[in-house]
Every structure is written in structure tokens, then in C-alpha cells.
Amino acid sequence: MRGWLWCATTLIAVLVFGITLFPSHDAFGVLYVLVIVLAADRATMRMLQMIGAACVVLECAAFSIVHHGGSFDGAYARLALSITATIVVTILTIRNKRARDDLARHARALTHADRIATLGHLALSIAHEVNQPLSAMTTLAFSGGRWLDRTRPDLDEALSCFRQIEANGRRAADIVGHVRELTRKAPVARCPLDLRRIVEDTIALLQSETTARRVVVQKIFQNDLPMIHADRIEIQQVVVNLMMNAVQALEPVAGRRRTITVSLRADRSRPGAIEMEIRDTGPGFSQPDPNALFEPFVTTRPDGMGMGLAICRNIVRSHGGAITAANGTPSGAVITVRLPAAHAMAAAAA
């Protein structure tokens, strides 16, 4: 829980306790529910139980101080009402938090399922990407062996082959590593990341897919962009989904160049943010409002589930960003993702 929230919660609890120390003011004990409501978003369920119990203890303590030795009157009824309200609000808050936690867990499971489905579409491309360095390593190993089998072994050429084998081995390992990251079902781990590097890695991962479909990918990256504070796997999932959607949208295009342009630049409309734009030369969106495609189960493809863009929106929003869709000029579709820079997120959290 943030420090200011702890301070506000404690201050309200002390203030209510002080008010209830005045005779005939014990009815204000019902205001302890504000303490529970304020702590609900940041506290764990165990902490909420402890806070609720502490509020009840404070209510009883204030009542015993003010009414010690007094006769039974309406004050006891007010105390019972305040304690009941505090207990009921605590129980309802815990149940609501448990329901939200369950919903968040199901959302993460759905996001993971979408990631696996996306990788299913990319399986052939990934196999091709891994096969290229493996084939090169086989050829280079054969060549290195021939350089060494000569009457006068050429060590320089053989070493060159072995260095290339090592480089191709690292390349294959990187590809497998990226795939493993995307399939990993792990808790969100956010840290400062270079969005440019994530986009470049994703374009490289999709290279065989874009080449097979005769799609040209253009990159327009502004220099010296700030880092973002994000989860690498989730942001890469967004880029993969948006790129795959653009590739599939270009399938029916004939008679003109199939192009996807990925741009990264500082967001002019929102200082302290980065804007990523993915633009294609396809037919564009047929819907009057392209942003409706971000709603769950809305799709333009006969075989689509309508969850990819909805999951992208949820991921972007969870990172404090925004995503929009529009038709390009004179044709094509444009998806714009805005993500806050790491320093902007740190300033907002301070």
C-alpha cells in the first residue's frame, strides 16, 4: 500500500476515534467504514480482516471510556449498529476483493490462452526461423572439417567457420528463448524496457511469416526514446497480435505493394509518453467505428474469435496507456498505441 494511503487511513481512524470520545457522539463510529473502504484497493484480504478488527476494537474502547459505569440506554444500540456496519462492510469488501482477484486471474489465463493461440499460427514461421541457423551450422561444420582435412589445414578459414557456427547457435537460442518467454505463464514483472528493442525482436520473429506472404515491413524509429516501465512478455504479445492482424489484413491485397510501417516516436499529444503506430496498406476497417473492434468477441474474420484486440487493449490499459484504431489515408488501417515512459510512471507514483 502506498505511504499516503496508509497515512490517510490512519488519520481517518484516529479522527473518528477522537470524535467518538465525546459524549453523544458515539454514533459517528459508523464512519469507521470509510477506513475499510479506503484500504480496500491496496490491502490484502488478511490486512482487511486486521483493519476491520482494529476498527471494532477502537469503537469498543471509545465507548467504554465515555460510558464506563453508565446505565443501559440508546448508546448501546448505537454501538451495536456501528459495530454491525463495520463488520458487514468488512465482509462485503473482502468478498468483493476476492471476486476481483478471481476475475484478474481468469483474465490472465485468457491472455495466456490467446498468446498460445497466436504462437500456434506462428509455428511454421518459428520452425523456419530455427531451421535456418541449424542448416547454416551443418553447412559450416562440414566446411570447417574440409578446411582442416587439407594437406595444409587452413586454420583461419576453419576458425571463421566455427565462429559463424557459434553466432548461428546463439541466434537459434535467442529464437527459442523468445518463444519460451511468450509461452511462459508467469506473474507480471515490470521493469524499464526499450520498446524499440521489443519491436525489433518481434519483427525478426515474424520475418518468415512476412516474407512468405510478400509483406514488406518498414521501420521508422525516432532516436533517443525513453524507456517504458512494462512487462516484456505482455508488450511483445501486443506487438505480435497487431503485426499478425496487419499481415492477415494484407492477404487479399493485389495490384499494389503490401507494406506494414511500424513507427516509434515521442507522443506529441501526451508529454512523457511513447507512441507506436502500426500502419498497413490493406483495405482498412469496414466498420463505421473501428474502435468497436477492441470489444470482446467482435471480429471481421470468419475464423476469428474476437479476443486478440480486446486483450491488447486490456494489456495496454493495465500499463497506463491507450490504444486506438482508425482508417488510413488513402487506404489501410492504423493502430496507435500510447505508453507512458518509465520516468513519467515513476513521477505519477511518487
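The values are calculated or read from the model by the stated rules, or taken from the named source; none is laboratory data. Predicted model, so just to flag it, every value in this text is computed and none were measured. Counting neighbours? That spans all protein chains shown, and the Cβs are built from the backbone with ideal geometry, glycine included. Ligands, DNA and RNA are stripped out before the accessible areas are found, and what is left, the full protein with its side chains, is counted by its heavy atoms. Shrake-Rupley method; radii C 1.70, N 1.55, O 1.52, S 1.80 Å.
Restricting the stretch 149-168 to residues that are assigned to a helix (DSSP H, G or I), of a type in the set (Asp, Glu) and over 36 Å from the mean Cα position of the chain (by Cα) leaves a set whose member that is surrounded by the most Cβ atoms within 10 Å (Cβ to Cβ) is 157. The single condition among (1) on the phi > 0 side of the Ramachandran plot; (2) surrounded by 15 or more Cβ atoms within 10 Å (Cβ to Cβ) that residue 238 does not meet is (1).
Residues in the stretch 324-338 that are in contact with a Ser or Thr (Cβ under 7 Å, 6 or more places away or on another chain) and either among the acidic types (Asp, Glu) or open to solvent by less than 20 Å² (accessible area, probe 1.4 Å) (or both): 332, 336. Pairs meeting the criteria (first residue in the stretch 264-282 and closer than 19 Å to residue 198 by Cβ, second residue open to solvent by less than 50 Å² (accessible area, probe 1.4 Å) and of a type in the set (Phe, Trp, Tyr), beta carbons under 9 Å, at least 6 apart or on different chains) are 264/221; 265/221. Looking only at the stretch 300-317, filter to residues that are at pLDDT 85 or above and open to solvent by less than 60 Å² (accessible area, probe 1.4 Å); which one of those is farthest from residue 288 (Cα to Cα)? Looking at residues that are at pLDDT 85 or above and open to solvent by less than 60 Å² (accessible area, probe 1.4 Å), I get 316.
For first residues located in the stretch 329-350 and among the basic types (Lys, Arg), partners that are part of a helix (DSSP H, G or I) and at pLDDT 85 or above and lie 6+ apart or on another chain with Cβ distances below 9 Å form the pairs 338/316. Total residues in the stretch 251-271 satisfying the condition of being at pLDDT 85 or above and touching a helix residue (DSSP H, G or I) at 6+ places or on another chain (Cβ under 9 Å): the figure is 4. Take the conditions (1) farther than 23 Å from residue 209 by Cα; (2) touching a residue at least 24 places away in the same chain (Cβ under 8 Å); (3) open to solvent by 50 Å² or more (accessible area, probe 1.4 Å); residue 171 misses just one of them, which is (1). Annotation: of all residues in the stretch 272-299 being among the hydroxyl-bearing types (Ser, Thr, Tyr) and open to solvent by 50 Å² or more (accessible area, probe 1.4 Å), the one that is modelled with the highest pLDDT is 286.
If you filter the stretch 215-247 down to residues that are polar (S, T, N, Q) and touching a Gly at 6+ places or on another chain (Cβ under 9 Å), you find that the one that is modelled with the lowest pLDDT is 241.
Select from the stretch 52-62 the residues that are buried (at least 21 other Cβ atoms within 10 Å of the Cβ) and either farther than 11 Å from residue 82 by Cα or within 39 Å of the chain's Cα centre (by Cα) (or both) and write down the one among them that is modelled with the lowest pLDDT. Filtering the stretch 52-62 for residues that are buried (at least 21 other Cβ atoms within 10 Å of the Cβ) and either farther than 11 Å from residue 82 by Cα or within 39 Å of the chain's Cα centre (by Cα) (or both), the one modelled with the lowest pLDDT comes out as 62.
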